Amino acid sequence: MESASIRSGVGLGKWSIYGALFFLISSIVASMVLKGVWAVVGLAYVGAWGGLISPDAIHSLKKRRFWFFLASITVISVLAMGGEETVAVAGFNLSRAGLSAGFGMALRATTIILATTAFARTASIGGLSALFARLGVGEIGFLLGIAVNLVPLMQNTAASALLAMRLRGGFRRKRLEAMKRLVVTILVNALRHSEDIVCAAEARGFGGAQPAACPISITRGDRLLAAASGVFYGAMVLAQVLGAYL
């Protein structure tokens, strides 16, 4: 099975499961705490580290459905929230409070998606299992590792199956039937991949309750990430607090 270290690395060094988990948690917390322009700066920071940890995290932002999702969040917020102050956009008077809330939610969603994608693309099954084994629940870590690793697999399977069906004209007729086939294809591939992982683990005598087989060590990349994030987020929170009082 995989070692407890993260599979990707750059010149800063590889990332252990500690670094990946710290990146995920700190990014989510920052998205909840930072507001306004500081949220934009925080998003840029998460995007920079996410690109270093896993370039696929940045590539996920290029998909049209992602931008459609963000636009939907903003539009729903504008329609749901009223207010006396309005802003003229393309000839429409939109609620300033609704726009502000919509952009805030879009920034928060983008930050969380970036962090989650980077974590899902790089966290190893062995690392998660060894981490949870230290809490006495190694089996849960093993199952969680499988689930996390299935996320990118299901995304790739869905994209490939959808492209294949479009090329064969599968959506021109009986679209409901085509969607059923697409869902079945994704589920079958996911179950097959999970079964392969379990069989490989059993063949190698791997168990979630055996952390000694997958030692976890804090890497240079983990230390740099923790130090940089501590300084950056501390400065952002301080600037946000001072800005509120000035």
Q. Counting just the residues of the range 52-78 that are of a type in the set (Gly, Ala, Ser) and over 12 Å from the mean Cα position of the chain (by Cα), which one comes out farthest from ASP222 (Cα to Cα)?
A. SER77
Q | Residue list for the range 25-37, restricted to those being of a type outside the set (S, T, N, Q), assigned to a helix (DSSP H, G or I) and buried (at least 19 other Cβ atoms within 10 Å of the Cβ) | A | ALA30
Q) Considering the range 176-210 alone, what residues qualify as being at pLDDT below 70 and either over 14 Å from GLY145 (Cα atoms) or small (Gly, Ala, Ser) (or both)? A) ALA200, ALA201, GLU202, ALA203, ARG204, GLY205, GLY207, GLY208, ALA209, GLN210
Q.
Against the definition (in contact with a strand residue (DSSP E or B) (Cβ under 6 Å, 6 or more places away or on another chain), modelled with pLDDT of 80 or more and assigned to a helix (DSSP H, G or I)), how does ALA109 come out, yes or no?
A. no
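Here is a yes/no grid of residues against (1) more than 18 Å from LEU61 (Cα to Cα); (2) exposed (fewer than 15 other Cβ atoms within 10 Å of the Cβ); (3) touching a residue at least 60 places away in the same chain (Cβ under 8 Å):
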| position | (1), (2), (3) |
| --- | --- |
| THR117 | no, no, yes |
| LEU128 | yes, no, yes |
| ILE146 | yes, no, no |
| ASN149 | yes, no, no |
| ALA158 | no, no, no |
| ALA161 | yes, no, no |
| ALA178 | yes, no, no |
| LEU187 | yes, yes, no |
| ILE197 | yes, no, yes |
Q) under 26 Å from PHE232 (Cα atoms), in a helix (DSSP H, G or I), touching a strand residue (DSSP E or B) at 6+ places or on another chain (Cβ under 8 Å) and at pLDDT 80 or above - does that describe any residue in the range 46-65? A) yes
Q: Please find, within the range 38-76, the residue that is surrounded by the most Cβ atoms within 10 Å (Cβ to Cβ) out of those that are touching a residue at least 24 places away in the same chain (Cβ under 8 Å) and among the hydroxyl-bearing types (Ser, Thr, Tyr).
A: SER54
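The values are calculated or read from the model by the stated rules, or taken from the named source; none is laboratory data. Predicted, not measured: the structure shown is a model, and the values here were computed from it. Glycine also receives a Cβ, built like all others from the backbone with ideal geometry; neighbour counts cover every protein chain displayed.
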